[in-house]
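Accompanying notes for the structure given below.
The values are calculated or read from the model by the stated rules, or taken from the named source; none is laboratory data. What you see is a predicted model, and the numbers here were worked out from it, not measured in a lab. Neighbour counts run over all protein chains shown; Cβ positions are idealised from the backbone, glycine included. Surface areas here come from the heavy atoms of the whole protein model, side chains and all, with no ligands, DNA or RNA. Shrake-Rupley method; radii C 1.70, N 1.55, O 1.52, S 1.80 Å.
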Amino acid sequence: MVYKLSPSGSGWTETILYNFQGLNDGQNPVGGLIFDQAGNLYGTTFDGGINGGGTVYELSPSGGGWTFATIYSFTGGYGGPYNKLTLAKGIL
């Protein structure tokens, strides 16, 4: 699950941005997220995806919500990427 926490009174409010289905979208997101200059979020999942080895995904702001897209599916079984991505200048 990808979520955001917003201050609310004396506590916090959780908003779910995306809840993984464990299918082609991947499962077990474990690395941190990164933002690009357009406000898109990028992250990875540890397993799942089309090829079973985890995914790289993008969440884009859209009409007050977020749109999910799988960018890449790694090959293999359980044990894909386990850390956050790095955004290289000029790539995105």
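Some points to look at:
- Unit charges at the beta carbon, dipole of the chain: most positive-side option, A69, L87, N19: L87
- Of all accessible heavy-atom area on the chain, the percent that carbon and sulfur account for (1.4 Å): 52 percent
- Along its three principal directions, the equivalent ellipsoid of the range 46-92 from the Cα gyration tensor extends over semi-axes of 22, 15, 9 Å, largest first.
- Dipole magnitude (debye, nearest 20) for the chain, charges at Cβ of Lys, Arg, Asp, Glu: 180 debye
- Once the 1.4 Å probe is applied to the protein heavy atoms, the chain comes out at 63 Å² accessible per residue.
- Radius of gyration and Dmax over the Cα atoms of the chain, both given in Å: 13.8, 46
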